[in-house]
Amino acid sequence: MQINSDFLRLPGGYLFSEINRRVAAYTTDHPDVKLIKLGIGDVTRPLPEAVLSAMHRAVNEMGRRETFRGYGPEQGYEFLRRAIVFHDYLSRGVKLDVDEVFVSDGAKSDCGNIVDLFGQNNIIALSDPIYPVYLDSNIMSGRAGEYDNRTGRWSNLVYMPCSAENGYIPEEPRCKVDLIYMCFPNNPTGATITCSRLKQWVDYANANDSVILYDSAYEAFIDQEDIPHSIFEIEGAKSCAIEFRSFSKTAGFTGVRCAYTVIPKQLQRGGISLNAMWNRRQCTKFNGVSYVTQRGAEAVYSPEGKRQVRANLCYYKKNAKMITDGLKRAGLTVSGGANSPYIWCKVPRGMASWEFFDCLLNRANVVTTPGAGFGLSGEGHIRLSAFGDTAETEEAVERIVSVL
Ligand code: PLP
């Protein structure tokens, strides 16, 4: 019997476990201090009323013989897929067929599971810093290649550093790469990409036969006109991209669980449809999302649902602005925070990101996320999240300003 030894090569200690360890140690030593958490990107606003009502109705349906539902379609119920196609895509000029949308329990699950579609020896381009799931899922499944102890790098991976110099937008690699992970609005940097810049990436992918894995879990935070919500707004993307979306941050579904992935039928490699492959994969390994949850997600697109979701997003966006303005007032260099719930902040000169994390924890009693946890290029930064309570966020900002 052999275990999958690739698990042994995963980067040690998950970022948030280390944060929790340090926070727990501080709390043990200072039981009376009230910490404010601007670290983890979980939402705090309750579910919109329209979603709740729809879920209650669906629960009642499940309790009656005539309306009870058992196993649902693995790809998602047609009512939700139709709502997604209409409200999220057609409204922005993108035409999709219903069977190009696959409803799931999370963008995390889909971003991690999508590796099933690809061979073991692709060259994979990853932005650095990055949402850790893209990297870890390739390592776990043996797709990252050989590990170099000296450099700490994997042979199948091409890292694309994102920094203030390139506006936190990755540059096309000089070599040919097969898979490209992109996330906009970005976690952790809060950066967004314009239509014209994304078009260059789409052209690169089509010219090189690469596939772009585009994570737009935070698209609902986009306000600016020239920033695309979907990669499929870009001409040519249907032949080279897969898109991941989520109700988590849009509508407070982090605990309810619902997301979706779009794989256009045009996306073929070697004459094989990736849409058909994913369909086969989901039918075998995935049971679909519960009926009650999908009725809740459908309600996000109702007129009241849209209004209530907008109000929650407004709440978080105000927090983002408050954090951005406060940190600037404290003399820090910040980016993100507009069209995004994340604020990416340069740590004061001479400090490492974990050092600044500890400084804010100990002196301001505010919990943040050290940039180094997202990759080598994240060093020298911390990430703050706008998903907290407004009064607490305000207090956290005041504390940081007075400490600095
Ligand atoms: N993608 C990115 C970039 C994220 O930051 C997150 C969550 O933090 C997810 C996906 C996860 O989304 P979901 O809750 O739908 O699994």
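The values are calculated or read from the model by the stated rules, or taken from the named source; none is laboratory data. As the structure is a prediction and not an experimental result, all values here were calculated from the model. For neighbour counting, all protein chains shown are included, and Cβ atoms are generated from backbone atoms with ideal geometry for every residue, glycine included. Accessible surface is based on the protein model in full, side chains and every heavy atom, while ligands, DNA and RNA are left aside. Shrake-Rupley method; radii C 1.70, N 1.55, O 1.52, S 1.80 Å.
A few points about this structure:
- Solvent-accessible area, 1.4 Å probe, carbon plus sulfur percent, for the chain: 51
- Fluctuation leader among Tyr147, Tyr159, Tyr89 - the chain, Gaussian network, Cα springs under 10 angstrom: Tyr147
- Extension gain (nm, one decimal) between Arg269 and Leu8, 0.36 nm per residue minus Cα-Cα: 90.8 nm
- Mean separation of Cα contacts under 8 Å, 6 or more apart, over the residue count of the chain: relative contact order %: 23
- Among 357-365, 259-267, 181-189, 56-64, the order from most to least packed when residues are scored by Cβ within 10 Å on average: 181-189, 259-267, 357-365, 56-64
- Counting only lysines at least 8 places from Lys285 when in the same chain, those with an alpha carbon closer than 19 Å to its own are Lys108.
- The slack in the chain from Asn20 to Arg329, taken as 0.36 nm per residue of separation less the alpha-carbon distance, amounts to 108.4 nm.
- Spacing of the two label points (7 Å from each Cα toward its C-beta) at Arg174 and Gln120, in nm: 3.1
- Distance between segment 210-264 and segment 110-137 - C-alpha centres, whole angstrom: 16
- Shape call, the chain: gyration tensor on alpha carbons, a/c limit 1.5: oblate
- Listed peptides 197-207, 237-247 by packing density, highest first (mean Cβ within 10 Å): 237-247, 197-207
- Whichever aspartates and glutamates have a C-alpha closer than 16 Å to that of Lys318, once near sequence neighbours (fewer than 8 apart) are set aside: Asp223, Asp389, Glu392, Glu394, Glu395, Glu398
- Subtracting the Cα-Cα distance of Cys314 and Asn279 from 0.36 nm times their residue separation leaves 9.0 nm of extension gain.
- Mean-position separation - Cα centroids, segment 167-183 and segment 316-377, in angstrom: 25
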